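Asker: Attaching a single structure in structure tokens format; questions to follow.
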Amino acid sequence: MKNIVIIGGGVAGMEAARQLLALGYTPIIVEKANALGGHVASWYRLFPDMTPASEIISRLKKEIAPANVFTGTKVISISREKGDYSLTLDNGVSILAGAVLFATGFKVFDASKKEEYGYGVYDRVITNRDLEAWLSGGEDKRISAPKAIGFVHCVGSRDLKAGNSQCSKVCCTTAIKQAIEMKEKFPKAEIYCFYMDLRLFGKKYEDFYINAQRDFGVHFIRGRVSEVGETIDGRLQVKAEDTLSGKPLKVQVDNLVLMSGMVCNQSVSELVRQARLDIDDDGFLRSRNNIFDILESNRPGIFYAGACTGTKTVPETLAEARAAALEIHNYLQNG
Amino acid sequence: MIDRIPSGFNPFVIPFLVGMGFVFAYCIYALVKILLQLSFEDRKKFFLSLVNPKTAAKNIRDMFCDCLFHVKLWKRNPLLGYMHSSIAFGWFMLIVLGHIEVILFVPTRINLFYYPIFFNFFVAEADQTMKGSLLFFMMDFFLLVVLSGIALAMVKRVRSRLFGMRRTARPSLVNTIGLYALWAIFPLRLLAETFTAHISGGSFLTGPANWIFRQFLGNDLHYLPTWWAYSIVLGIFMCVLPFSRYMHIPAEMLLIPMRNAGLKIRNARKGLTRVQVFTCPNCGVCIDACPMSVSKENIKDCTVYLTRQIRRGNEKRIAEISDKCLLCGKCEALCQVGVQGPEIRIQQRAIRDYSIRQDFSDIAVNEVRKSHVVYFSGCMSQLVPSVGRSVESVLKKAGVEVEWMDRDGGLCCGRPMLTAGKTEEARSLVAKNTEMILSSGADTLVVSCPICYRMFVENYALPGVRVVHYSVYFDELVKAGRLHLTKSDLCYVYHDPCELGRGCGIYDEPRRLVGQSAAIAESDRCRKESICCGGSLGSLSLTFRQREKITRAALENLYASKADAIATACPLCKATLSRFSDRPVRDIAEIIDLQSR
């Protein structure tokens with residue numbers, strides 16, 4: 001039986017491996033980090049049902065136990081060999097694979113590139129990821145009994161100046177989730193969300209938003225933050241415009257959370273070049289067709305799943321991973 | 001040497017005379033018109049400068065260096081310099097020597113001004129003298145010089161890279177006619193003088209060539225048609241000259257004294273603008289210079305095409321070209337004749353009818369506390385807060401008591417309005433800021449943003465206040481021993497911000513500061529050739545995708561130095577470069593703050 005290599009051991013790679021195991025294959029997962037789980041593993045809870053992320057990850061890990069997993073390993077070369085792909089890993093292993101699945105995901109936008117928001121300049125400006133780490137029980141000196149917290153939506157997303165035109169899809173609802181979580185921890189704190197518009201497209205997302213307003217008193221302000229300054233006592237002064245009332249406003253907060261978006265994962269660009277895969281304008285991998293062949297690349301035997309082709313939510317990624325497993329199965333059966 | 005033709009006339013000189021007369025008439029008409037277009041003050045300034053011995057001497061020197069010897073081109077590329085100066089200076093010498101010949105040998109004909117041009121047709125050599133052969137030798141020599149230049153010009157048409165030019169401007173129809181006429185003039189002159197060399201005498205070039213031709217040409221019937229052809233191409237060249245790029249030959253002789261008189265561009269089409277438009281020789285140096293030309297679609301938006309469209313009066317294209325430009329000033333810095341591309345563009349924007357006019361009259365003026373030193377950070381240093389914080393921290397370390405006049409929000413310096421052509425709006429902002437600064441009683445205004453700095457220097461009148469960019473101020477503090485720097489292990493490459501470098505001529509102080517606090521490397525294109533970061537506020541219509549390409553090109557240039565990090569002295573450059581940079585980008589203020597005690 002031919003080998004199947006899955007590059008990336010996040011939720012996409014793991015779910016695809018789980019389905020391939022069910023179909024009778026023994027896939028090989030190559031993950032560059034030292035543990036499986038990807039970005040989801042560093043998250044605390046997932047919207048809209050506040051599902052603990054660790055629950056998803058540990059379940060996936062348990063079910064893919066029979067697969068071959070290389071963690072802390074990178075694919076350093078890939079080349080076509082008579083209908084198969086020859087891959088070399090940085091631990092010296094080489095694999096001849098009948099099919100390769102790119103589940104290489106995304107990168108979180110580096111918020112310090114938007115210096116006007118002050119990440120890396122002012123101590124109390126943090127990102128959505130920093131906040132998740134703290135919620136998961138991590139230490140963070142920057143957060144201590146805040147009286148007011150601001151959330152800035154669309155940091156590095158839908159921002160041509162930052163080179164990203166795409167919507168990251170998850171940040172609106174993540175901000176709502178984190179606002180609720182902060183309100184639960186600090187019931188007296190005022191919470192402000194600064195947004196361009198709210199994209200609450202998924203099941204129960206709108207309810208979640210109404211919930212945050214009605215039951216938790218989160219303030220939603222339509223308007224982008226123009227700049228952030230620091231007051232003498234170390235608080236943050238946020239300047240924004242409320243475009244609904246048409247007035248500029250200034251708010252002082254103790255923490256400002258930047259909703260860093262998803263951007264393409266450039267660390268795979270060398271591999272992509274070797275495999276001669278097409279790249280889209282936004283830097284993500286280009287599917288053969290955005291309706292019918294989202295999971296197929298321009299090269300036979302190479303498939304995609306998850307956020308490597310564009311921003312996606314966790315359920316979307318899982319659905320794609322399952323479909324990709326089936327695509328690979330069909331390809332190997334017929335090919 | 002004797003006069004061969006008693007009447008001193010032959011009909012073949014008519015095409016030349018027509019062309020010459022036309023050029024003269026046109027140039028006089030244009031000169032008068034342009035002088036009338038100048039404002040009264042400018043005209044007075046111009047005429048006074050002509051009689052000022054110092055400027056007059058500079059005018060003559062510049063005309064020789066720029067128009068005849070093309071010194072700037074030699075510095076840019078010796079082959080390009082030789083090509084231009086050989087044609088210009090060689091041709092000039094042919095005309096001068098022709099006059100000397102007429103004065104020496106047929107002084108009665110000096111009033112016929114075609115005589116020096118067609119001297120060899122009208123005379124016969126009666127006796128050989130040293131004087132005559134020396135002049136003939138020099139005539140042949142300079143003809144050879146011009147011919148070598150023409151040969152190089154032909155090579156340049158196909159292989160411009162040999163001359164250090166990646167791209168050249170696409171010639172328009174009238175330019176092509178002028179070009180071929182120019183190319184034909186000198187080979188035809190060689191042939192004409194060769195055919196008559198046995199009558200009028202010749203030297204090392206025309207003499208032997210005459211002998212060779214006479215071996216197989218049995219009679220003298222061919223020489224008159226050749227002189228006709230020579231005269232006709234001269235006539236064609238002069239008739240198309242006012243409508244072609246060759247107008248730069250007479251126009252530059254007006255631009256040089258105007259520039260030395262200190263005139264500024266004040267009108268979108270008239271006066272100095274018109275002279276600069278005429279002076280643009282369409283060489284296309286600005287195409288390679290323009291940072292936008294990394295995208296092929298923007299090549300036709302370089303200054304050479306702006307001057308061309310202004311001559312054609314194509315309003316749509318003039319507006320497009322004027323709006324797209326980043327106003328980085330590189331085309332102006334590298335222009336061989338001194339066409340001020342950015343200033344001409346700003347004037348085009350200023351004549352536009354904006355339907356909405358901003359009104360700043362009701363914006364409150366901040367109270368600025370009395371202080372000797374006032375710091376103006378500007379909008380960009382607020383959006384890139386590390387810059388303002390570092391400047392403040394460094395000043396504190398040096399013991400400078402400073403009042404940050406726009407810490408909690410201030411007023412724009414006005415430059416974005418000015419470059420958008422909204423002169424009135426800019427003026428109202430200037431007035432408000434002036435009031436605030438003067439009320440503080442400050443004697444020094446420290447500015448951290450080069451965009452604001454240039455505005456303060458060029459458009460503010462602040463009596464008794466020294467406006468200084470922080471890089472210059474910090475450099476003085478270090479020299480005075482008030483700031484002590486230690487060297488880090490990092491190696492920085494310094495990116496020259498357009499407004500600070502080309503705009504205000506500050507190149508050395510930032511480098512000195514970086515050099516004292518770290519190792520410093522230079523990129524290939526630095527100082528006045530530095531590439532705009534792509535973030536410039538100057539452009540009104542470039543898309544972010546097009547800007548990204550420019551940013552990446554600027555970064556590639558900086559990466560080539562193999563430095564670990566990039567230093568700059570402009571918050572906008574820092575923000576723009578750091579978006580796409582693979583290595584840290586720091587403002588000099590941050591570096592100094594890290595490395596000082």
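The values are calculated or read from the model by the stated rules, or taken from the named source; none is laboratory data. Bear in mind that the values here come from a model prediction, so they are computed numbers and not experimental data. Cβ atoms come from the backbone with ideal geometry, glycine included; neighbour counts cover every protein chain shown.
Rundown of residues vs (1) basic (K, R); (2) modelled with pLDDT under 95; (3) surrounded by 24 or more Cβ atoms within 10 Å (Cβ to Cβ); (4) under 23 Å from B:Q348 (Cα atoms), yes/no style:
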position: B:E401; (1), (2), (3), (4): no, yes, no, no
position: B:P450; (1), (2), (3), (4): no, no, yes, no
position: B:G464; (1), (2), (3), (4): no, yes, no, no
position: B:Y492; (1), (2), (3), (4): no, no, yes, no
position: B:R511; (1), (2), (3), (4): yes, no, no, no
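Asker: Residues in the stretch B:587-596: is at least one farther than 29 Å from B:G481 by Cα, at pLDDT below 95 and either more than 14 Å from every other protein chain (Cβ to nearest Cβ) or touching a Leu at 6+ places or on another chain (Cβ under 8 Å) (or both)? Don't jump to the end; show me each part of the working.
Answerer: First, pick out the residues of the stretch B:587-596 that are farther than 29 Å from B:G481 by Cα: none.
No, the stretch B:587-596 contains no residue that is farther than 29 Å from B:G481 by Cα, at pLDDT below 95 and either more than 14 Å from every other protein chain (Cβ to nearest Cβ) or touching a Leu at 6+ places or on another chain (Cβ under 8 Å) (or both).
Asker: Residues in the stretch A:120-136: is at least one away from every other protein chain (no Cβ under 14 Å) and closer than 23 Å to A:T309 by Cα? If you could, list the steps in order and put the result at the bottom.
Answerer: Quick first cut of the stretch A:120-136, residues away from every other protein chain (no Cβ under 14 Å) only: A:126-136.
With the extra rule that they be closer than 23 Å to A:T309 by Cα, the set shrinks to A:128-129.
There is at least one residue in the stretch A:120-136 that is away from every other protein chain (no Cβ under 14 Å) and closer than 23 Å to A:T309 by Cα.
Asker: Can we say A:F47 is crowded, with 17+ Cβ neighbours inside 10 Å, assigned by TED's automatic domain parsing to the domain that holds A:R273 and modelled with pLDDT under 95? Steps first, answer last, please.
Answerer: Details: crowded, with 17+ Cβ neighbours inside 10 Å: yes; assigned by TED's automatic domain parsing to the domain that holds A:R273: yes; modelled with pLDDT under 95: yes.
Criteria met by A:F47.
Asker: Report whether or not A:S245 is surrounded by 15 or more Cβ atoms within 10 Å (Cβ to Cβ), closer than 30 Å to B:F544 by Cα and either more than 14 Å from chain B (Cβ to nearest Cβ) or of a type in the set (F, W, Y) (or both). Lay out the reasoning, then the answer.
Answerer: On the way: surrounded by 15 or more Cβ atoms within 10 Å (Cβ to Cβ): no; closer than 30 Å to B:F544 by Cα: yes; either more than 14 Å from chain B (Cβ to nearest Cβ) or of a type in the set (F, W, Y) (or both): yes.
No; evaluated as a whole, the condition is false for this residue.
Asker: Another one. Quick check: anything in the stretch B:528-535 touching a Cys at 6+ places or on another chain (Cβ under 6 Å), surrounded by 18 or more Cβ atoms within 10 Å (Cβ to Cβ), within 26 Å of A:G283 (Cβ to Cβ) and within 14 Å of chain A (Cβ to nearest Cβ)? Walk me through it before giving the result.
Answerer: Our first condition is that a residue be touching a Cys at 6+ places or on another chain (Cβ under 6 Å); within the stretch B:528-535, this holds for B:532-533.
If we keep only those that are surrounded by 18 or more Cβ atoms within 10 Å (Cβ to Cβ) too, we end up with B:532-533.
Filter again for within 26 Å of A:G283 (Cβ to Cβ), leaving B:532-533.
Now drop any that are not within 14 Å of chain A (Cβ to nearest Cβ), which leaves B:533.
Within the stretch B:528-535 (the criterion being touching a Cys at 6+ places or on another chain (Cβ under 6 Å), surrounded by 18 or more Cβ atoms within 10 Å (Cβ to Cβ), within 26 Å of A:G283 (Cβ to Cβ) and within 14 Å of chain A (Cβ to nearest Cβ)), the answer is yes, since at least one residue qualifies.
Asker: Return a yes/no flag: does the stretch B:541-550 have any residue that is acidic (D, E), surrounded by 16 or more Cβ atoms within 10 Å (Cβ to Cβ), more than 25 Å from B:V468 (Cα to Cα) and touching a helix residue (DSSP H, G or I) at 6+ places or on another chain (Cβ under 9 Å). Spell out how you get there, then give the answer.
Answerer: Keep residues of the stretch B:541-550 that are acidic (D, E), which gives B:548.
Restricting the remaining residues to those that are surrounded by 16 or more Cβ atoms within 10 Å (Cβ to Cβ) gives B:548.
Retained after the next criterion (residues that are more than 25 Å from B:V468 (Cα to Cα)): B:548.
Imposing the further condition that a residue be touching a helix residue (DSSP H, G or I) at 6+ places or on another chain (Cβ under 9 Å) reduces the set to B:548.
Within the stretch B:541-550, one or more residues are acidic (D, E), surrounded by 16 or more Cβ atoms within 10 Å (Cβ to Cβ), more than 25 Å from B:V468 (Cα to Cα) and touching a helix residue (DSSP H, G or I) at 6+ places or on another chain (Cβ under 9 Å).
Asker: Would you pick out the residues in the stretch A:158-185 that are more than 14 Å from chain B (Cβ to nearest Cβ) and over 16 Å from A:Y44 (Cβ atoms)?
Answerer: As a first pass, look at the stretch A:158-185 and keep what is more than 14 Å from chain B (Cβ to nearest Cβ): A:167-185.
Those that are more than 14 Å from chain B (Cβ to nearest Cβ) and over 16 Å from A:Y44 (Cβ atoms): A:C167, A:S168, A:K169, A:C172.
Asker: Next up: Can you tell me which residue among A:A175, A:A111, A:A99, A:A145 is aliphatic (A, V, I, L, M) and surrounded by fewer than 24 Cβ atoms within 10 Å (Cβ to Cβ)? Steps first, please.
Answerer: Details: A:A175 fails: surrounded by fewer than 24 Cβ atoms within 10 Å (Cβ to Cβ); A:A111 fails: surrounded by fewer than 24 Cβ atoms within 10 Å (Cβ to Cβ); A:A99 fails: surrounded by fewer than 24 Cβ atoms within 10 Å (Cβ to Cβ).
Of A:A175, A:A111, A:A99, A:A145, the one residue that is aliphatic (A, V, I, L, M) and surrounded by fewer than 24 Cβ atoms within 10 Å (Cβ to Cβ) is A:A145.
Asker: Additional query: Does at least one position in the stretch B:374-393 carry a residue that is away from every other protein chain (no Cβ under 14 Å) and either assigned to a loop (DSSP other than H, G, I, E, B) or without any contact (Cβ under 8 Å) to a residue 60 or more places away in the chain (or both)?
Answerer: Initially, the stretch B:374-393 is screened for residues away from every other protein chain (no Cβ under 14 Å), giving B:374-376.
Restricting the remaining residues to those that are either assigned to a loop (DSSP other than H, G, I, E, B) or without any contact (Cβ under 8 Å) to a residue 60 or more places away in the chain (or both) gives none.
No, there is no match, as no residue in the stretch B:374-393 is away from every other protein chain (no Cβ under 14 Å) and either assigned to a loop (DSSP other than H, G, I, E, B) or without any contact (Cβ under 8 Å) to a residue 60 or more places away in the chain (or both).
Asker: Moving to a separate point now. Scan the helices (runs of 4 or more DSSP H) fully inside the stretch B:174-260 and keep the ones with 3 or more residues being in contact (Cβ under 8 Å) with a residue 24 or more places away in the chain.
Answerer: The qualifying helices (runs of 4 or more DSSP H) are B:197-200, B:223-240, B:248-260.
Asker: Answer yes if at least one residue in the stretch B:354-362 is aliphatic (A, V, I, L, M) and in contact with a Lys or Arg (Cβ under 9 Å, 6 or more places away or on another chain), and no otherwise. Even if it seems obvious, please write down each step before you answer.
Answerer: First pass over the stretch B:354-362, keeping only residues aliphatic (A, V, I, L, M): B:356.
Okay, now just the ones that are also in contact with a Lys or Arg (Cβ under 9 Å, 6 or more places away or on another chain), so none.
Looking through the stretch B:354-362, none of the residues is aliphatic (A, V, I, L, M) and in contact with a Lys or Arg (Cβ under 9 Å, 6 or more places away or on another chain).
Asker: Working carefully through the options A:E190, A:E181, find the one that is of a type in the set (D, E) and closer than 20 Å to A:M50 by Cα. Explain how you work it out, then say what you get.
Answerer: On the way: A:E190 fails: closer than 20 Å to A:M50 by Cα.
Answer to the check: A:E181.
Asker: If you go through the stretch A:84-135 one residue at a time, how many are of a type in the set (S, T, Y) and part of a helix (DSSP H, G or I)?
Answerer: 2
Asker: Follow-up. Which ranges mark the helices (runs of 4 or more DSSP H) fully within the stretch B:15-126 that have 2 or more residues being of a type in the set (V, I, T), over 23 Å from B:I185 (Cα atoms) and assigned by TED's automatic domain parsing to the domain that holds B:L241?
Answerer: Working: elements: B:40-51, B:53-62, B:71-76, B:78-105, B:119-122.
Result: B:53-62.
Asker: What residue, among those in the stretch B:551-580 that are hydroxyl-bearing (S, T, Y) and buried (at least 19 other Cβ atoms within 10 Å of the Cβ), is nearest to the other protein chains (Cβ to nearest Cβ)?
Answerer: In this case the residue turns out to be B:S578.
Asker: Among the residues of the stretch B:36-52, how many are among the basic types (K, R) and either in contact with a strand residue (DSSP E or B) (Cβ under 6 Å, 6 or more places away or on another chain) or without any contact (Cβ under 8 Å) to a residue 60 or more places away in the chain (or both)? Even if it seems obvious, please write down each step before you answer.
Answerer: Narrowing the stretch B:36-52 to residues among the basic types (K, R): B:43-45.
Retained after the next criterion (residues that are either in contact with a strand residue (DSSP E or B) (Cβ under 6 Å, 6 or more places away or on another chain) or without any contact (Cβ under 8 Å) to a residue 60 or more places away in the chain (or both)): B:43-44.
Count: 2.
Asker: For the stretch A:189-234, enumerate the residues that are within 14 Å of chain B (Cβ to nearest Cβ), at negative phi and part of a loop (DSSP other than H, G, I, E, B). Steps first, please.
Answerer: As a first pass, look at the stretch A:189-234 and keep what is within 14 Å of chain B (Cβ to nearest Cβ): A:224-232, A:234.
This time we only want the ones that are at negative phi, so: A:224-232.
Passing the criteria: A:R224, A:T231, A:I232.
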